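In what follows, a single structure is set out as structure tokens and then discussed.
The values are calculated or read from the model by the stated rules, or taken from the named source; none is laboratory data. This is a predicted model, so every value here is computed, not measured. Methodologically, a virtual Cβ is constructed for each residue, glycine included, from the backbone with ideal geometry; neighbour enumeration extends over all protein chains shown. We work out accessible area using only protein heavy atoms, side chains counted, and drop any ligands, DNA or RNA first. Shrake-Rupley method; radii C 1.70, N 1.55, O 1.52, S 1.80 Å.
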Amino acid sequence: MSSQTSNSKLISESWKGQNSKELFERAVKVSPGGVHSPVRSFRSVGGTPVFFASANGATLTDIEGKEYVDYCLSFGPLILGHRDPEVEEVVRETAGLAWSFGAAEPYSLELAEFITNNVPWAEKVRFVNSGTEAVMSALRVARAATGREKILKFDGCYHGHLDALLVKAGSGLAGESSSDSAGISATAIANTLVLPLDDEAAVEKVFETEGKNIAALIIEPLPANYGLLIQRKEFLSKIVEIARKHGTLVVFDEVISGFRTGFQGMSGLLGIRPDLVTYGKIIGGGFPVGCYAGKKELLDLVAPSGPVYQAGTLSGNPFGMRAGFATLRKAQRDSVYSVLEDRTRILTREMIRLLNAKSDREWEAVTHSSLFWFRTKTKDAVRRIDQIPEGHKEGFAKVFHALLKHGIYLAPSGYEVGFLSWAHTDSVIAKTLELAEQALKEI
Ligand SMILES: *Cc1c(COP(=O)(O)O)cnc(C)c1O
């Protein structure tokens with residue numbers, strides 16, 4: 001509890017003694033939906049969000065002192081869990097060094113060298129402050145490099161909230177798009193083509209007519225923002241081959257999969273080298289960091305060495321750089337990936353066993369590395385959004401609330417994936433299963 005008590009006279013802590021419902025009533029008055037990113041609002045599962053005051057390891061503590069085992073983990077960045085002790089030491093040390101320089105410093109250099117030394121296709125990197133910014137900038141580079149305007153993306157992949165990619169498949173011609181948000185001008189998405197996942201023939205067809213106009217094909221090589229839609233390796237290899245044949249650059253958006261599915265992300269697992277890659281989430285160790293990386297000659301197009309303008313006041317800030325560096329070094333030193341994968345498999349297998357004993361529908365777990373997604377069992381693999389079974393959202397909401405009540409926090413949407421961290425030890429998993437058994441009795 002001590003971590004929840006601040007001694008600062010500058011912080012009023014006006015929330016002390018209130019519960020989450022009361023804080024939410026205050027929050028909706030000052031922020032849209034009461035939150036600063038939509039999924040946090042619980043709209044998708046119903047009810048009102050829990051307000052958390054602190055976190056440690058695998059545990060979240062809400063403002064009333066109730067604890068939860070966290071499987072949302074800030075939507076992916078916290079691969080070592082909350083406030084890993086070694087990273088925390090680095091962060092505390094950083095607070096005594098500098099908070100921001102807006103100038104050259106050695107901390108971003110060390111993280112940049114670490115990434116380029118470990119990821120062969122990341123020959124140069126540029127740090128930004130979010131995944132959205134990384135994607136936006138990478139596409140700008142791709143357009144500059146090719147002198148082409150169009151971008152091809154896939155329905156069900158999320159690349160951040162930049163205008164050009166907030167699109168969904170249109171109803172007309174193959175590849176046609178329509179905006180997925182209000183406030184986006186028709187011109188902003190006029191050069192965005194959208195295709196379904198898992199359909200190489202559709203990609204072939206669009207490239208036949210549009211190939212010479214497409215600057216970049218962008219894809220999450222492990223789509224993990226609309227459930228977990230694991231793609232066939234042949235599909236990914238084929239579309240990369242088609243793009244290359246037409247002089248289109250391949251951008252792998254590894255903001256969620258980078259340093260999560262292994263040290264070289266999905267590119268390493270698939271043996272496919274993208275021209276440009278975007279990272280975010282894990283590389284900041286829980287602080288706001290993104291980056292885009294790739295071939296030297298592409299990154300050298302970026303200002304000040306080249307004509308592509310891109311800048312950031314707080315880019316390369318020392319908290320994110322040093323926390324990210326410490327996180328990646330520890331992940332490498334302790335070889336976390338195979339252990340996390342085993343734990344994920346065990347946890348999800350047992351959770352599904354419990355769920356299926358109690359629930360009115362049959363569930364299954366889709367897993368990859370330390371990511372998981374619970375969904376209604378289907379005959380065939382689900383690789384596209386239109387294959388997600390009906391009623392999934394409602395079924396998930398019931399499970400979510402039962403687990404929440406008993407101290408298990410999943411991401412509050414049936415379309416978000418779950419994560420494990422290094423802090424989710426065997427005993428945390430055993431405790432989770434005990435809590436889940438209690439919870440699911442009530443479904
Ligand atoms: C999270 C995510 C983004 C956006 O990153 P932000 O830091 O939220 O802007 C982009 N692409 C993918 C694949 C992501 O998972």
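As an exercise: evaluate Ala439 against (1) out of contact with any helix residue (DSSP H, G or I) (no Cβ under 8 Å at 6 or more places or on another chain); (2) under 18 Å from Glu67 (Cα atoms) and give the number of the one condition it does not meet.
Going through (1) out of contact with any helix residue (DSSP H, G or I) (no Cβ under 8 Å at 6 or more places or on another chain); (2) under 18 Å from Glu67 (Cα atoms) one by one, Ala439 breaks only (1).
Exactly one of (1) open to solvent by 10 Å² or more (accessible area, probe 1.4 Å); (2) in contact with a Gly (Cβ under 6 Å, 6 or more places away or on another chain) is unmet by Tyr71. Its number?
Result: Tyr71 passes all but (1).
Restricting to segment 317-355, name every residue that is open to solvent by 60 Å² or more (accessible area, probe 1.4 Å) and not in a loop (DSSP other than H, G, I, E, B).
Hits for segment 317-355 are Arg329, Gln332, Arg333, Ser338, Glu341, Asp342, Arg345, Ile346, Arg349, Arg353.
Do you know which residues across segment 259-282 are within 13 Å of the ligand (Cβ to nearest atom) and part of a helix (DSSP H, G or I)?
Matches in segment 259-282: Gly265, Met266, Lys281, Ile282.
Any residue in segment 178-202 that is more than 13 Å from Leu217 (Cα to Cα) and of a type in the set (Val, Ile, Thr) sitting within a Cβ distance under 7 Å of a residue that is open to solvent by less than 50 Å² (accessible area, probe 1.4 Å) and assigned to a loop (DSSP other than H, G, I, E, B)? List the pairs, counting only those 6 or more apart or interchain.
Within 7 Å, the pairs are Ile184/Leu166.
Every residue in segment 295-316 that is within 16 Å of the ligand (Cβ to nearest atom) and either in contact with a strand residue (DSSP E or B) (Cβ under 9 Å, 6 or more places away or on another chain) or in a strand (DSSP E or B) (or both), please.
Gln310, Gly312, Ser315, Gly316
If Gly391 satisfies all but one of (1) open to solvent by 40 Å² or more (accessible area, probe 1.4 Å); (2) without any contact (Cβ under 8 Å) to a residue 60 or more places away in the chain, what's the number of the condition it fails?
Evaluating Gly391 over (1) open to solvent by 40 Å² or more (accessible area, probe 1.4 Å); (2) without any contact (Cβ under 8 Å) to a residue 60 or more places away in the chain leaves (1) as the failure.
Return the residue satisfying two criteria in turn: it lies in segment 217-258 and is farther than 23 Å from Ala144 by Cβ and away from the ligand (no atom under 16 Å from the Cβ), and of such residues it is least open to solvent (accessible area, probe 1.4 Å).
Checked segment 217-258; the qualifying residue least open to solvent (accessible area, probe 1.4 Å) is Phe235.
If Ile151 satisfies every condition in (1) away from the ligand (no atom under 16 Å from the Cβ); (2) more than 19 Å from the chain's Cα centre (by Cα); (3) touching a residue at least 40 places away in the same chain (Cβ under 8 Å) but one, which is the exception?
(1)
Going by what's in this entry, would Lys150 be described as modelled with pLDDT of 95 or more, surrounded by fewer than 22 Cβ atoms within 10 Å (Cβ to Cβ) and touching an Asp or Glu at 6+ places or on another chain (Cβ under 7 Å)?
Yes.
Determine whether Ala138 is surrounded by 18 or more Cβ atoms within 10 Å (Cβ to Cβ), among the aliphatic types (A, V, I, L, M), within 15 Å of the ligand (Cβ to nearest atom) and modelled with pLDDT of 95 or more.
Yes.
His161 versus (1) more than 16 Å from the ligand (Cβ to nearest atom); (2) more than 21 Å from Ser267 (Cβ to Cβ); (3) of a type outside the set (A, V, I, L, M): which is the lone unmet condition?
Result: His161 fails condition (1) only.
Can you tell me which residue among Thr132, Thr116, Thr187 is open to solvent by 10 Å² or more (accessible area, probe 1.4 Å), touching a Gly at 6+ places or on another chain (Cβ under 8 Å) and of a type in the set (S, T, N, Q)?
Step by step, each of Thr132, Thr116, Thr187 is checked, and only Thr132 is open to solvent by 10 Å² or more (accessible area, probe 1.4 Å), touching a Gly at 6+ places or on another chain (Cβ under 8 Å) and of a type in the set (S, T, N, Q).
Picking from Asp180, Asp198, which residue would you name as being open to solvent by 10 Å² or more (accessible area, probe 1.4 Å), within 25 Å of Gly258 (Cα to Cα) and of a type outside the set (Gly, Ala, Ser)?
The conditions single out Asp198.
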